[in-house]
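S.K.: Here you go, one structure.
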Amino acid sequence: MFKFVWAEDQNHAIGFEGHLPWHLPADMKFFKETTIDHTLVSGSRTFASYGRPLPRRKNIVLTLNPVEQYPEGVIELHSLDELLDYAKNHKDEEIYVSGGASIFKLLLPYASDLYVTKLDGQFPADTYMPEVDYSQFELVSSREGILDEKNTIPHRFEHYRRK
Ligand SMILES: NC(=O)c1ccc[n+]([C@@H]2O[C@H](COP(=O)([O-])OP(=O)(O)OC[C@H]3O[C@@H](n4cnc5c(N)ncnc54)[C@H](OP(=O)(O)O)[C@@H]3O)[C@@H](O)[C@H]2O)c1
């Protein structure tokens, strides 16, 4: 089972032109603290948006492209089955899924936990979180984000666990 981590606005937007639609350092900090020293699965477009493998994490990229070369240490997987096999063979690892939309959609049936940062705003976007059936999950915690001169978008951090 996988742990999802993402941020969305009031319209469930998550991406715009290959990047995040907003700038919210507090959420980037949360993402780092949550995923550090764990395994991170991303689609090739989301991985490209990082610009490099994320440090102190095992980076797994899902891609159907057999030609693309990834930096040393990055694990390239090519299908849901390959990822499920990986998870079965690495039960000691906490596996976080960092998107994007296509990967969240593919893995939603296997999500055990949802770490979602909800931004109170609406932003220009071209990529949206697939619909999540929250009746299958229970809210474990909810915390308001602190606003300051660098973090001006009201937001809260929610954690759900599959019932
Ligand atoms: N707000 C957030 O928390 C958040 C989180 C993540 C991403 N984002 C944003 O979302 C956008 C990217 O999302 P996206 O949905 O366009 O792209 P994506 O899910 O990151 O990547 C899509 C790619 O994943 C690969 N893929 C998809 N299904 C696969 C499968 N079944 N098996 C193997 N590989 C598969 C394909 O790669 P190939 O084309 O290489 O074959 C596909 O083109 C960006 O704007 C990003 O910044 C936002």
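S.K.: Could you list all residues from the stretch 85-122 that are over 17 Å from the mean Cα position of the chain (by Cα) and over 22 Å from L20 (Cα atoms)?
M.R.: Within the stretch 85-122, D85, Y86, K88, N89, H90, K91, D92 meet the criteria.
S.K.: Among the listed residues E68, E17, E82, identify the single one that is near the ligand (Cβ under 9 Å from one of its atoms), among the charged types (D, E, K, R) and in contact (Cβ under 8 Å) with a residue 60 or more places away in the chain.
M.R.: Sole residue among the options that is near the ligand (Cβ under 9 Å from one of its atoms), among the charged types (D, E, K, R) and in contact (Cβ under 8 Å) with a residue 60 or more places away in the chain: E17.
S.K.: Scanning for something assigned to a helix (DSSP H, G or I) and under 13 Å from the mean Cα position of the chain (by Cα), does the stretch 21-28 turn up at least one residue?
M.R.: yes
S.K.: Being over 20 Å from Y50 (Cβ atoms) and either open to solvent by less than 10 Å² (accessible area, probe 1.4 Å) or at pLDDT below 95 (or both) is the requirement here; does L114 meet it?
M.R.: Taking the combined requirement at face value, the residue satisfies it.
S.K.: Also, quick follow-up: If we keep just the residues of the stretch 85-120 that are among the polar types (S, T, N, Q) and away from the ligand (no atom under 14 Å from the Cβ), which is nearest to M1 (Cα to Cα)?
M.R.: Looking at residues that are among the polar types (S, T, N, Q) and away from the ligand (no atom under 14 Å from the Cβ), I get S112.
S.K.: Answer yes or no: is there a residue in the stretch 43-55 that is buried (at least 17 other Cβ atoms within 10 Å of the Cβ), under 15 Å from L119 (Cα atoms), near the ligand (Cβ under 9 Å from one of its atoms) and within 13 Å of the chain's Cα centre (by Cα).
M.R.: No, because not a single residue in the stretch 43-55 is buried (at least 17 other Cβ atoms within 10 Å of the Cβ), under 15 Å from L119 (Cα atoms), near the ligand (Cβ under 9 Å from one of its atoms) and within 13 Å of the chain's Cα centre (by Cα).
S.K.: While we're looking at this one, here's another question. How many residues does the stretch 117-159 hold that are open to solvent by less than 30 Å² (accessible area, probe 1.4 Å), assigned to a strand (DSSP E or B) and more than 18 Å from L24 (Cα to Cα)?
M.R.: Adding up the residues that qualify gives 2.
S.K.: Mind checking which residues of the stretch 53-97 are β-branched (V, I, T) and either touching a His at 6+ places or on another chain (Cβ under 9 Å) or not in a loop (DSSP other than H, G, I, E, B) (or both)?
M.R.: Within the stretch 53-97, I60, V61, T63, I75, I95, V97 qualify.
S.K.: Let me ask something else. Quick check on this structure: which one of L139, L108, L147 is of a type in the set (A, V, I, L, M) and in contact (Cβ under 8 Å) with a residue 24 or more places away in the chain?
M.R.: Just a single option satisfies the conditions, and that option is L108.
The values are calculated or read from the model by the stated rules, or taken from the named source; none is laboratory data. A quick note: this is a predicted structure, and the numbers were derived from the prediction, not measured. So basically every Cβ, Gly included, is an ideal-geometry build from the backbone, and we count neighbours across all protein chains shown. Surface areas here come from the heavy atoms of the whole protein model, side chains and all, with no ligands, DNA or RNA. Shrake-Rupley method; radii C 1.70, N 1.55, O 1.52, S 1.80 Å.
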